[in-house]
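Worksheet for the structure shown next.
Throughout, read-outs are computed from the coordinates displayed, never taken from laboratory work. The structure presented is a predicted model; accordingly, all values stated were derived computationally and were not measured. Every residue, glycine among them, receives a Cβ derived from its backbone with ideal geometry; neighbour counts consider all protein chains shown.
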Amino acid sequence: MRSDTADRSEQLSMMRTTVHDGWHLSAVDGPVPDSLAGRLLPAQVPGSAHLDLMAAGVIADPYLDRHESDLEWAHRVDWRYSTTFRAEAPRPGERVELVFDGIDTVGIIELNGHVVGHTANMHRGYRFDVREVLHEGRNDLTVTLKSALAYAEEMEDRLGRRQRAYPHPYNAIRKMACSFGWDWGPDLQTAGLWKPVRLERWDTVRLARVRPLATVQPDGTGRIDVHLELDRADDRADDRADDRAYTVVAKVNGHEERAAVTGDTATITVTVPGARLWWPVGYGEQPLYDLTVTVLPGDDPAAGPADVVRRRVGFRTVTVDTGPDEIGTPFTFVVNGTRIFAKGANWIPDDHFLTRVTRERVAHRIDQAVNANMNMLRVWGGGIYESDDFYDVCDERGVLVWQDFPFACAFYAEEEPLRSEVEAEARENVTRLAAHPSLVLWNGNNENLPAYHDWGWQEDLRGRSWGLGYYTDLLPGILAELDPTRPYAPGSPYSPGDLPPNDQDHGTRHEWDVWNVVDYTHYRDHVPRFCAEFGFQAPPTWATLTRWIHDEPLTPASPSFLHHQKAHDGNRNLHRGLAPHLPVPADFEDWHWATQLNQARAVALGVEHFRSWWPRTAGALVWQLNDCWPAVSWSIVDSEERPKPLYYAVKHAFAPRLLTVQPRDGRPTLIAVNDLDEPWTAKIVATRQTFAGSIRAHGEFPLTVEPRSITRLDLPDDLLEPVDASSEVLVVTTADARTHHFFAEDRDLAYHPAPLSATVDRVAGGYRVGVQAASYTRDIVVLADKVAPDAIVDDMLVSLAAGETFTFHVHTATTLRRPAELASARVLRHANAIASRSHVSSASGTHGVGQTVEPAVVRSRPLQ
Ligand code: BMA
């Protein structure tokens, strides 16, 4: 047991000591294997039972091959965490509380043999009064965690079965939904003390809740309303109410206000004249201000503070413009009065085992998003209310966060005990996250509204509740009371009134026909007001794939590979999506590259289409930024933090200045998108040229695009009418942007199959791969992780016209024995080679290398 030094140095009368040492884990009930029965294993707190079992060598890493399926027994086991700690007996009048910031999930907490509390919600913290049971000297603490699955099943029996997208009743328990498996994640039902545990001792008063709401007044003055709740020590110790006035001091950057608080609640307002505004990345800086709230213990001015709470705040305004217009209902974020095109991605838990997600890991992922020119992340509702680390980093980087309440792809009972749990968790998390300027939207749920309206699930309801009251009443009511400074959306997707929730002209939309049903060019069939989800699958990078999957031979249909493909019809959709564009290769490494390329092409086409419709379309959030285990998935970055080729495609498509060719009025039209505050004036040079380099048509035009706007340019016919569609390309460039337009699909293009010459040089920090194109070369990549697992390349998916050169920088700490491998055909790849290669099948559906996949999980999708 350790004292928190920060608190000590301030000589708070509040004593907080963590209880993270000496923990053990045992399996106490259920189908416990012999290897575990009767054993007491060392345990980590914060932590998770599976991680302890792995550390003790009792189970193999469940991410490896098919080990996940060996662990089904663990769904039905009851676990016990136990430790001992030393403490002094409570002094008269002292409060002693055992505080758990997070318990996963169904817990019975006992101290010295006395039950001090029960828990059933992973999304909450718990505080138990242990005055009566704390001993002088040794204390025995146990937390018994009942099988979450058994509890959820029992709850479902009690409340009535409700539809959900996956087999287990994740909707009958307040636990991260994807713990029970998802179409990109394993079914490993975690159990553990997943956040810090501590003992708190205090004897006058503590700051029970601090909720700072920052706003900006019309004259630019920053204003923080610090709403606070006090907990008084002798409130409950005897019947005498403590009616003393406590002094509470709120300080922001030298501006200080104090109040004498007699009741339990108070609001202290601090103003900061001339406060600097917090802006999203790409719009300005992210000044953050330290807020300190202190409660003084009483009359003795020499006594240290009784309790202190620190937050960082930022000053900005945020609204979502949903005022009806001539098209329908927009969904445009407005920050500090500036309308924003939201460029971003959906965020899932960054590791299925949440306690491994360090601040460093989170920061790296968010930096990757920022480097890919994103300004928004949506924290998806099948995961968690994200961590303080996540929000701190988003505050610092200027990443806007849209946070779903944790409800996803299911109907939820609105009866007890769920209702009170939902209310408690919402109140706690709205309070916890209130200070963060990055948080710009609360959203009621993920896809539960289309599940009701479009998925044919209503019939089974037979009049039972399904969660609507949470989204239209309970949650907005809590926000109106606790945080009226932020917009709220009832769901994603959402359209107002009686409209179908996924209506393209109103509110937010999820675009899933692409991937599930139709080719990716059909992204262009809809012009949504805000596309909150769209995506396409591909396998992870080679280094990640081959670290976790060891099939011999490794193919798209080999057992472990398929085990990591959780999507319903996943491989079939990969092949159906690939076939119209590129041949489906027979060789696995070629297949791996082709499917990654196709993912990149699909998503980039979606992003460019959505951006080309600004301001009618005001956001594009790719599904999904990250992975929680090594998976074939929609992710941009894989579970080992390696960027897939898609990462570079998204980075290009989200670039502040974008040239893109889009169909308008039946012909290819150049659209220039300027997402900067300065006008974009440039000279456009456009050529229609053969792959071999002969210029067939040439044009130069002036370009002017107003700040944060788009401009449309109609190109002359001679640039758009090829003599031979199979061997010509339109290349349009300015000094800082470039686009390429083709007159046929890759599979019908007569590319030169081996157009590159390359050199590899050792340079500080890695290698330089210089390439020169003898003929047009499309989508060149250096898959350097195949050679050195730590290698990161600065760019990929670069296309070169005949005669052009490019240099890739490969950052690696590895000294390669054969640097030339970086320029070998399996590493230095491009579309030309794949398009020119023979293929085994062009049909959709079953196929030589990947059979129709038995889905591990099944979900319904709205089909439109
Ligand atoms: C989206 C998400 C997830 C799912 C993904 C891919 O709708 O909300 O439920 O993982 O689709 O199918």
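For Ala408, the residues whose amide H sits under 5 Å from its own are Asn446, ignoring neighbours fewer than 5 places away on the same chain, with H placed 1.01 Å from N. Equivalent-ellipsoid semi-axes for the range 126-226 (Cα gyration tensor, √(5λ), whole Å, largest first): 35, 29, 13.
Note on the range 727-823: Rg/Rh from Cα positions, Kirkwood definition for Rh, rounded to two decimals, is 1.02.
Taking the C-alpha atoms only, the angle from helix 418-433 to the longest principal axis of the chain is near 80 degrees. Of the peptides 145-156, 718-729, 43-54, 403-414, the order by per-residue mean of other Cβ atoms within 10 Å, starting with the highest, comes out as 403-414, 43-54, 145-156, 718-729.
Scattering from the C-alpha atoms of the range 2-199 alone, worked out with Debye: what is log10 I(q)/I(0) at q = 0.14 1/Å? Computed log10 I(q)/I(0) values: -0.84.
Using the Kirkwood radius over C-alpha pairs as Rh, can you work out the diffusion coefficient of the range 323-654 via Stokes-Einstein at 10 °C, viscosity 1.306 mPa s, in µm² per second? Provide the component values of the computation, followed by the final result.
Values: Rh = 20.5 Å.
It comes out at roughly 78 µm²/s.
Each DSSP beta bridge with both residues in the chain is either parallel or antiparallel, and the antiparallel ones are about 85%. Working from Cα positions, state the angle (0 to 90°, nearest 10) between the long axis of helix 588-612 and the longest principal axis of the chain. The answer is roughly 80 degrees. Each Cα pair under 8 Å and six or more residues apart adds its separation to the average, and for the range 615-673 the resulting relative contact order is 17 percent.
Kirkwood Rh over alpha-carbon pairs of the range 204-313, then Stokes-Einstein at 25 °C and 0.890 mPa s: what D in µm² s⁻¹, rounded to an integer?
On the way: Rh = 15.1 Å.
Answer, rounded: 163 µm²/s.
The mean sequence separation of alpha-carbon pairs under 8 Å and at least six residues apart, normalised by the residue count of the chain, gives a relative contact order of 10 percent.
Evaluated at q = 0.09 Å⁻¹, a Debye calculation over the C-alpha positions of the chain (equal weights, vacuum) places log10 I(q)/I(0) at -0.96.
Just need the relative contact order of the range 658-748 here, percent rounded to a whole number, with Cα pairs under 8 Å and 6+ apart.
Relative contact order, the range 658-748: 31 percent.
With the Cα gyration tensor of the range 658-748 in hand, give its eigenvalues times 5 under a square root as the equivalent ellipsoid semi-axes, listed largest first in whole angstrom. Mind showing how you got there, number by number?
Numbers: eigenvalues 120, 35, 25 Å².
Equivalent-ellipsoid dimensions as semi-axes: 25, 13, 11 Å.
With a 10 Å radius around each residue's Cβ, average the other Cβ atoms per peptide and rank 97-103, 356-362, highest first. Mind showing how you got there, number by number?
Values: 97-103: 21.4, 356-362: 14.7.
Result, highest mean first: 97-103, 356-362.
What net charge is computed for the residues neighbouring Leu36, neighbours being all others with C-beta under 15 Å from the C-beta of Leu36, Lys and Arg scored +1, Asp and Glu -1?
Local net charge: -3.
What value, in deg cm²/dmol to 500, does the helix sum -39500 (n - 2.57) over DSSP H runs of n ≥ 4 give at 222 nm once divided by the residues of the chain? Calculated from helices alone, the mean residue ellipticity at 222 nm is -5000 deg cm²/dmol. The charge dipole of the chain, taken about its Cα centre with unit charges on the Cβ of Lys, Arg, Asp and Glu (plus for the first two, minus for the last two), comes to roughly 1360 debye.
Which order do peptides 800-806, 629-635, 339-345, 309-315 fall in by mean Cβ count within 10 Å, highest first?
Working: 800-806: 16.6, 629-635: 26.3, 339-345: 24.4, 309-315: 20.1.
Descending packing order for the listed peptides: 629-635, 339-345, 309-315, 800-806.
Here's the picture: charge each Lys and Arg Cβ at +1 and each Asp and Glu Cβ at -1 in the chain, and of Pro707, Leu670, Ala87 the one pushed furthest to the positive end of that dipole is Leu670. In summary, the convex hull built on the alpha carbon positions of the range 625-783 has an orientation-averaged projected area of 12.4 nm². Fewest neighbouring Cβ atoms within 10 Å first, the residues Leu193, Leu188 line up as Leu188, Leu193.
Charge tally for His436 (other residues, Cβ to Cβ under 13 Å; Lys, Arg +1; Asp, Glu -1): 0. A simple rule links phi to the HN-Hα coupling: the Karplus curve 6.51 cos²θ - 1.76 cosθ + 1.60 with θ = phi - 60°, which for the range 43-54 gives 10, 9, 10, x, x, 8, 4, 4, 5, 5, 5, 5 Hz, with x for Gly and Pro. Taking the inverse of the mean 1/r over every pair of distinct Cα atoms in the range 487-646 gives a Kirkwood hydrodynamic radius of 16.5 Å. Other residues with beta-carbon under 14 Å from the beta-carbon of Ser82 carry, at +1 per Lys or Arg and -1 per Asp or Glu, a net charge of -2.
With a Förster radius of 35 Å applied to the beta-carbon distance between Asp34 and Arg161, the computed FRET efficiency rounds to 0.50. Relative to the longest principal axis of the Cα atoms of the chain, helix 388-397 runs at roughly 50 degrees.
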